[in-house]
1. Residue under question is S25, and the condition is that it be within 19 Å of N73 (Cα to Cα), part of a helix (DSSP H, G or I) and at pLDDT below 95; does it hold?
2. When segment 79-115 is examined, which residues are found to be assigned to a helix (DSSP H, G or I) and surrounded by 15 or more Cβ atoms within 10 Å (Cβ to Cβ)?
3. Among (1) at pLDDT 95 or above; (2) outside any strand (DSSP E or B); (3) open to solvent by less than 50 Å² (accessible area, probe 1.4 Å); (4) not hydrophobic (A, V, I, L, M, F, W, C), there is one condition S70 misses while meeting the rest; what is its number?
4. Applying the selection to segment 44-55, what residues are out of contact with any Asp or Glu (no Cβ under 8 Å at 6 or more places or on another chain) and in contact (Cβ under 8 Å) with a residue 40 or more places away in the chain?
5. I'm trying to understand the selection: among the residues of segment 35-54, which are open to solvent by 20 Å² or more (accessible area, probe 1.4 Å) and under 15 Å from E75 (Cβ atoms)?
6. Taking the residues in segment 28-51 that are hydrophobic (A, V, I, L, M, F, W, C) and in a loop (DSSP other than H, G, I, E, B) as candidates, determine which candidate is nearest to K86 (Cα to Cα).
7. Please go through segment 89-115 and pick out each residue that is under 13 Å from V12 (Cβ atoms) and either in contact (Cβ under 8 Å) with a residue 60 or more places away in the chain or of a type in the set (S, T, N, Q) (or both).
Amino acid sequence: QVQFVESGGGLVQSGGSLRLSCAASGRTSTIYTLGWYRQAPGKRREWVASIGRGGSAVYENSVKGRFTISRDNAENMLYLQMNSLKPEDTAVYYCNRVPIGAQYWGQGTQVTVSA
């Protein structure tokens with residue numbers, strides 16, 4: 001089993017920045033690719049970015065150039081640096097493996113971007 005605990009969300013003005021953190025515990029050695037996902041009110045959960053164990057990263061088009069995903073394998077930590085935030089980035093952000101492990105969803109962390 002693997003557990004993910006997200007933190008770092010908050011309320012920020014449009015154009016601001018936040019850094020999200022995700023602490024992984026349990027059988028983390030079985031996970032090679034980690035990802036950030038988000039779910040806005042009334043919408044389905046969507047993939048935001050993912051990163052392999054070696055550091056190769058891929059981003060959803062709407063966040064490319066604004067968000068940076070990173071990981072610390074030694075500390076079992078995943079991060080998402082979010083810059084130039086927009087109101088449409090408002091959502092609950094989650095971390096999980098890629099492909100998704102449905103049983104691994106945590107509580108997420110709320111990000112709210114005001115106009």
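The values are calculated or read from the model by the stated rules, or taken from the named source; none is laboratory data. Not measured: the values here are computed from a predicted model. Glycine gets a Cβ as well: all are built from the backbone with ideal geometry, and neighbour counts include every protein chain shown. Surface accessibility is based on the protein's heavy atoms, side chains included, excluding ligands, DNA and RNA. Shrake-Rupley method; radii C 1.70, N 1.55, O 1.52, S 1.80 Å.
1. Details: within 19 Å of N73 (Cα to Cα): yes; part of a helix (DSSP H, G or I): no; at pLDDT below 95: yes.
In short, no.
2. Going through segment 79-115, the residues assigned to a helix (DSSP H, G or I) turn out to be 87-89, 102-104.
D89, Y104, listed by residue number.
3. (2)
4. Within segment 44-55, the subset out of contact with any Asp or Glu (no Cβ under 8 Å at 6 or more places or on another chain) is 44-45, 50-55.
Within segment 44-55, R45, S50 qualify.
5. Filtering segment 35-54 down to residues open to solvent by 20 Å² or more (accessible area, probe 1.4 Å) leaves 39-47, 53-54.
R53, the sole residue that qualifies.
6. Restricting attention to segment 28-51, the residues satisfying the condition of being hydrophobic (A, V, I, L, M, F, W, C) are 31, 34, 36, 40, 47-49, 51.
Within this subset, residues satisfying the condition of being in a loop (DSSP other than H, G, I, E, B) are 31, 40.
On the way: I31: 31, A40: 13 Å.
Checked segment 28-51; the qualifying residue nearest to K86 (Cα to Cα) is A40.
7. Answer for segment 89-115, where residues must be under 13 Å from V12 (Cβ atoms) and either in contact (Cβ under 8 Å) with a residue 60 or more places away in the chain or of a type in the set (S, T, N, Q) (or both): T90, Y93, T109, Q110, V111, T112, V113, S114, A115.
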